[in-house]
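Here is the structure we will look at.
Laboratory data are not the source of any read-out in this text; all were calculated from the coordinates shown. Since the structure is predicted, the reported quantities are computational estimates derived from the model, not experimental observations. So basically every Cβ, Gly included, is an ideal-geometry build from the backbone, and we count neighbours across all protein chains shown.
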Amino acid sequence: MGFLFEYLKVTTLEAVFTARGAGRLPEYLGSTIRGILGHCFRDFVCDMRATKCFACEKQSGCLYVRNFANTGGQGGAINPYVLLSCTQGKTEWKPGDECKFRLTLFGTAAESPGIYMDALLAMERRGWGVAKIPFVLNRVVDWETGRLIYGAGRPYLRNLTPHAMEIRPVNARSVMVSFQTPVRIVAGKTLFTSLPFQELVRFLMGRFAQMTQAYTDYVMEWDQEEMLRQAGQIKTVAEHWNYLDFSRYSINSPNGKLELPARTGWALYEGDLGAFVPYLEAGRYLHVGKNTTIGFGRYELYYDGGFTV
């Protein structure tokens, strides 16, 4: 059970930056960090800056499109990473303040993390936010092993070792899925108001299938219809959701803002969970729903009143 998803390798880099100036940053930093990281990433590989990625004749072989801003294709428009800002709710920054976030890489990205490390280092050369606050990279560690990847100006890339997702066996009849970051599960253009277990599993399975097809050589063989039928037997005992009117800066939007309505909250499910525990556990790595690249859709699981870590 511990290596059920061995084919999908994973690496989580935890980066800690230290502010060298003062200013304001958004309360939720996921979008800001992704934007800066993306600019740094594109600087390395793109010689067609005036062309949109989706219209670029070089996109099929582009490292930026492949590893950071997938435009679609056979595997769908899915990217091989998720971000998780560990610094939330802070808007006023001063010299010495630390910003911590995690970058989790999947599949081929986890097996070739060097370019992501280069982009993290390049973030030192850009000012952050409207105030252009300078930050310096303090350290990067492998979040799961605690091994140092970069510190005091020195790289320790030999410590970068992708591994299979650790999936623990859990014997439970109920589970609370509690979202630690906003979640956007959208059908058509409609944001969910209730989250039946079957819908949660549907979106999790879709994400697994896309990630596997786009970033591994593995061919998934599973009976999706049967799994969804079984998921339909799991009952929602209780749920609670709050609406979040979230928006982020977007150069491609008419008013400079992209509206990303989301929800925060939790749901408690009960039933025969045995077949679904591995997928729920693996979803803690991949997140679920839209905008996972800025950290949305991160959840924790509480089984029968207990917490899995």
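Just how large is the dipole of the chain about the Cα centre, in debye to the nearest 20, putting +1 at every Lys and Arg Cβ and -1 at every Asp and Glu Cβ?
In total the dipole reaches around 1200 debye.
Can you list the aspartates and glutamates whose alpha carbon sits under 16 Å from that of K189, skipping same-chain ones fewer than 8 residues off?
Those aspartates and glutamates meeting the cut-off are E199, D245, E259.
Any idea how far the Cα center of region 117-146 sits from the one of region 1-68, in Å?
First find each Cα centre; the distance between them is then 12 Å.
Hey, if you put +1 on the Cβ of every Lys and Arg and -1 on every Asp and Glu Cβ in the chain, which of F135, G297, T193 ends up farthest toward the positive end of that dipole?
Of the options given, the answer is F135.
Using 27 Å as the Cα-Cα cut-off, could you pick out the over-long pairs in K94/K290; K90/K132; K52/K94; K90/K290; K52/K90? Provide the component values of the computation, followed by the final result.
Details: K94/K290 32 Å; K90/K132 16 Å; K52/K94 36 Å; K90/K290 24 Å; K52/K90 33 Å.
Flagged as over cut-off: K94/K290; K52/K94; K52/K90.
What is the list of residues in region 174-195 whose amide nitrogen lies under 15 Å from a point 7 angstrom out from the Cα of L228, following Cα to Cβ?
186-188
In a Debye calculation with equal point scatterers on the alpha-carbon sites of region 1-52 and no solvent, what is log10 I(q)/I(0) at q = 0.14, 0.15, 0.19 Å⁻¹?
Debye intensities relative to I(0), on a log10 scale: -0.69, -0.75, -0.92.
Along the Cα→Cβ direction, 7 angstrom out, place labels at R173 and K100. What is the inter-label distance in nm?
That separation, rounded to one decimal, is 3.9 nm.
Considering region 117-254, what Rg and Dmax in Å follow from its alpha-carbon atoms?
Computed over the Cα atoms of region 117-254, radius of gyration and Dmax are 20.7, 54 Å.
Check each of the trypsin sites (Lys or Arg not before Pro) in region 126-165 and keep only those in coil by DSSP with at most 14 other C-beta atoms within 10 angstrom; list them in order.
Details: sites: R126, K132, R139, R147, R158; in loops: R126, K132, R147.
Here the trypsin sites (Lys or Arg not before Pro) that fit, given the DSSP loop and packing criteria, are K132, R147.
Largest first and to the nearest Å, give the Cα extent of region 88-152 along each principal axis.
Over region 88-152, Cα extents along the principal axes are 36, 25, 21 Å.
Out of P278, P80, P169, any idea which swings most in a Gaussian network model of the chain, alpha carbons joined below 10 Å?
P169
What distance in nm separates the two pseudo spin-label positions at A238 and D43, each 7 Å out from Cα along the beta-carbon direction?
Placing both labels 7 Å beyond Cα along the Cβ direction yields 5.0 nm.
Percent of Cα-Cα pairs per 10 Å bin, from 0 to the last occupied bin, for region 1-148, please list those.
Over region 1-148, the share of Cα pairs per 10 Å bin runs 11, 38, 33, 16, 2 percent.
How are the alpha carbon pair distances in the chain distributed across 10 Å bins from zero to the largest one, expressed in percent?
6, 25, 35, 25, 9, 1
So which aspartates and glutamates pass the test for K58, namely a Cα distance under 17 Å, with those fewer than 8 places away in the same chain ruled out?
D43, D47
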